Amino acid sequence: MTHPIVGWERETPVPNYKFNDYLSARDGRLFYEDLDLAQLFTGGRQDQGLGKTLPSPLEIIYLPKIREKIKTMRQIFAEVIEEIGYEGQFHYAYASKANAAEEVVRTTLGAGAHHEMSSPVDVEIVRLMIAAGLLPPERMVIANGFKPPGTIYDDKLIQLRREHENLIPVIEDLCEMPPLIDSQLNFEVGLRQKCYGPHQNQAEMDTAHSRFGMDAATIQKAAQIIAETPNLTLKIYHAMVGSQITDGDDFLAWLKPTMEIYAQLRQRHPSLSIFDFGGGMPVPMTLDFDFDYHTFVRRLLTTLQEICRAHGVPSPDVMGEFGRYTTSEHGAHLFKVTTVKENNSRLPWYIINGSIMTSFPDSWALSEHFIVLPLNHLDKPFRQVHLGGMTCDSDDVYPPKPSQSPLYLPVETEDLYIGFFSIGAYQEMLGGVRGSKHCVLPEANELIIDQASNGDYQFQILPGQRTNDVLANLGYRIERR
Ligand SMILES: Cc1ncc(COP(=O)(O)O)c(C=O)c1O
């Protein structure tokens, strides 16, 4: 039986060992690239620039990883474009719904990514980034999400267009067009295909139960309206088929019918120049990840090339809106094991000083797996355990209840720290930033880590919540004492 591999699966100590491309065991300690994670709490050894120790729990934001992910994907596309003589270009966009934190958006834009967004607050984020000089005029801002007439989002997009020419609303529904037309501003626009989920052909896509996008006939109708409207130009065809699609055959099979529609649309509308496959690019959430990006990209571009040739149209530029791929791996959440509870349960309970379910809502809501490793004592024997959070909620456990994956941690629990990894996409946004959480547990401190050009680490600490912050948020009046 196969199961997601979430950590070390043996009782023997971990030798010096690479778990994946950024986590390794060295002399009993866990390193994120070259950063000794346990040292953040225990100090000792050589200080890496922090100059002090920090309390746990602690959230880690490792910005160099974001830059590396963007660079790698661009490199893969560049190689394949060269290899197969693909005529179009590749555009990397960051889907900011995965993590809208300032340091993340600043980093993706700094790495040259285009920006994808979906809400009125996102518009203000874009305006702030423009004002800070981080989002230059040539950068595309793709506006997805529902934007019916009269909504704040719709109004704000029209306002933003006056400030940023390269704003491209992607139309989800015909009702979204009149405000753009009436604005009399020149807009390049996209059309979103209804294609989310598994399907093998256009008929299955058209009849699928999905609220995203328009069926093929409505797309053709929208394109015709755009063609007849002087201030609108059709630029993007948007076809997102899912998220975290780990099977390349499925990914391609679901995209194929949308490529046919793109090519047909391009025959009639020559301004169309970008095929945007949206999100879906998978990322290692566990240690058994096995997806060959290079092979997938080669198959994607080759298929698109063949279909376009068969329809007598040029191959388009290709865009991806990378959410999970960009930000999953830059985030980690570190805890201390505070109690070992042996109460005749099937496995011993290791209780941590935080909540699993509020920190990573997908673990209980979707039974999602994340990597979990000890930060120290890796050179000591391990045993199979279950993790429990500090809330009194029966779902605050890991591995998730339906999981078949075993979790092994060191038998030695004196000052034992553990980390959850690949949690940087969606988890914080779903759990909420600030506010009040389940069992009123305050939010942890955050440590933002960057690297200077000489490789030295740079640290910035964002304080977490204090008890009074949580109380005030819930409406309690706190007397100054
Ligand atoms: C329109 C759109 N684009 C991109 C994404 C990002 O998807 P992923 O995180 O799979 O990259 C999403 C996620 O929901 C989305 O709705």
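No lab work stands behind these numbers, since they all come straight from the coordinates. None of the values given here were measured: they were computed from a predicted structure. FYI the Cβ positions are ideal-geometry reconstructions off the backbone, even for glycines, and counts take in every protein chain you see.
Binning at 5 Å from 0, report for the stretch 86-322 what percent of all alpha-carbon pair distances ends up in each bin.
1, 7, 15, 18, 20, 18, 12, 7, 2, 0, 0
Please report Rg (one decimal) and Dmax (integer) in Å for the Cα set of the chain.
24.1, 77
Using modelled backbone amide H atoms (1.01 Å from N, in-plane), which distant-in-sequence or interchain residues come within less than 5 Å of GLU33's amide H?
The answer is LEU23, SER24.
When only C-alpha pairs under 8 Å and at least 6 residues apart count, what is the relative contact order of the chain, in percent?
Rounded, it is 20 percent for the chain.
Where the centroid of each part is defined by its Cα atoms, how far is the stretch 273-290 from the stretch 223-244 in Å?
Each part's Cα centre sits 22 Å from the other's.
Under the Karplus relation 6.51 cos²θ - 1.76 cosθ + 1.60, θ = phi - 60°, what is the ordered set of whole-Hz ³J(HN,Hα) values for the stretch 331-344, x standing for Gly and Pro?
x, 9, 10, 10, 10, 10, 7, 9, 9, 10, 10, 10, 10, 6
In deg cm²/dmol and to the nearest 500, what is the mean residue ellipticity at 222 nm of the chain if only DSSP H runs of at least 4 residues count, each as -39500 (n - 2.57), divided by the residue total?
That comes out to -9000 deg cm²/dmol.
Got a sec? Which residues in the stretch 401-425 would a label at GLN48 touch, if it sits 7 Å along Cα→Cβ and we count backbone N under 16 Å?
What the label zone holds, given the 16 Å backbone N cut-off, is 417-422.
What list of ³J(HN,Hα) couplings, whole Hz, do you get for the stretch 113-125 from phi and the Karplus terms 6.51, -1.76, 1.60, once you set θ to phi - 60° and write x for glycine and proline?
With the stated coefficients, the stretch 113-125 comes to 6, 6, 10, 10, 8, 8, 8, x, 5, 4, 4, 5, 4 Hz.
With a Förster radius of 25 Å, plug the Cβ-Cβ distance of GLN267 and GLU204 into 1/(1 + (r/R0)^6) and report the FRET value to the nearest 0.05.
0.60
Express in whole angstrom the spacing between the alpha-carbon centres of the stretch 366-415 and the stretch 131-208.
43 Å
Report the gain in length on full extension from ASP247 to LYS380: 0.36 nm times residue separation, minus Cα-Cα distance, nm rounded to one decimal.
44.2 nm
Quick query: amide H of LEU167 versus all other amide H atoms, modeled in the peptide plane; which residues come in under 5 Å with a sequence gap of 5 or more or a different chain?
Under 5 Å from the amide H of LEU167 lie the amide H atoms of VAL141, each far enough along the sequence or on another chain.
Given H placed on each backbone N at 1.01 Å, which residues far from ARG383 in sequence or on other chains put an amide H within less than 5 Å of it?
Under 5 Å from the amide H of ARG383: LEU409, VAL411.
Placing unit charges on C-beta atoms (Lys and Arg positive, Asp and Glu negative, everything else neutral), compute the dipole magnitude of the chain about its Cα centre in debye, rounded to 20.
Here the chain has a charge dipole of around 660 debye.
Once Lys and Arg get +1 and Asp and Glu get -1 on their Cβ, which of PRO463, THR108, PRO282 lies farthest toward the positive end of the dipole of the chain?
About the Cα centre, the residue reaching furthest to the positive side is PRO463.
Which residues in the stretch 123-158 place their backbone N less than 17 Å from a point set 7 Å from the Cα of GLN184 along the Cα-to-Cβ direction?
Backbone N within reach: 158.
Please rank SER355, SER422, SER273, fewest neighbouring Cβ atoms within 10 Å first, as an exposure proxy.
With the fewest neighbours first, SER355, SER422, SER273 line up as SER273, SER355, SER422.
Taking the simple approach of a point 7 Å from Cα along Cα-to-Cβ for both THR12 and LEU471, what is their distance in nm?
Spacing of the two 7 Å Cα→Cβ label points: 5.4 nm.
Give, rounded to the nearest 20 debye, the magnitude of the charge dipole that the stretch 143-298 has about its Cα centre when Lys and Arg contribute +1 at Cβ and Asp and Glu contribute -1 at Cβ.
460 debye
Please provide three numbers in whole Å: the alpha-carbon extents of the stretch 188-338 along the principal axes, with the largest listed first.
Projected onto its principal axes, the Cα set of the stretch 188-338 covers 66, 30, 28 Å.
Remind me, relative contact order of the stretch 1-153 in percent, using alpha carbon pairs under 8 angstrom and six or more residues apart?
For the stretch 1-153, the relative contact order is 12 percent.
How much of the DSSP bridge set in the chain is antiparallel, in percent, rounded to the nearest 5?
Taking every DSSP beta bridge with both residues in the chain, the antiparallel ones total about 50 percent.
For the stretch 1-70 and the stretch 333-358, what is the separation of their C-alpha centers, rounded to whole Å?
So the separation of the two Cα centres works out to 19 Å.
Within 10 Å of each candidate Cβ there may be at most 14 other Cβ atoms; applying that plus a DSSP loop requirement, which trypsin sites (Lys or Arg not before Pro) in the stretch 104-208 survive?
none
Determine ³J(HN,Hα), in whole Hz, for all residues of the stretch 197-212 in sequence, where each value follows from phi through the Karplus function 6.51 cos²θ - 1.76 cosθ + 1.60 and θ = phi - 60°; x replaces Gly and Pro.
For the stretch 197-212, the Karplus-derived couplings read x, x, 6, 10, 8, 5, 4, 5, 5, 4, 9, 5, 8, 9, 8, 8 Hz, x marking Gly and Pro.
Using 7 Å Cα-to-Cβ label points, what is the GLU479/MET429 separation (nm, one decimal)?
4.4 nm
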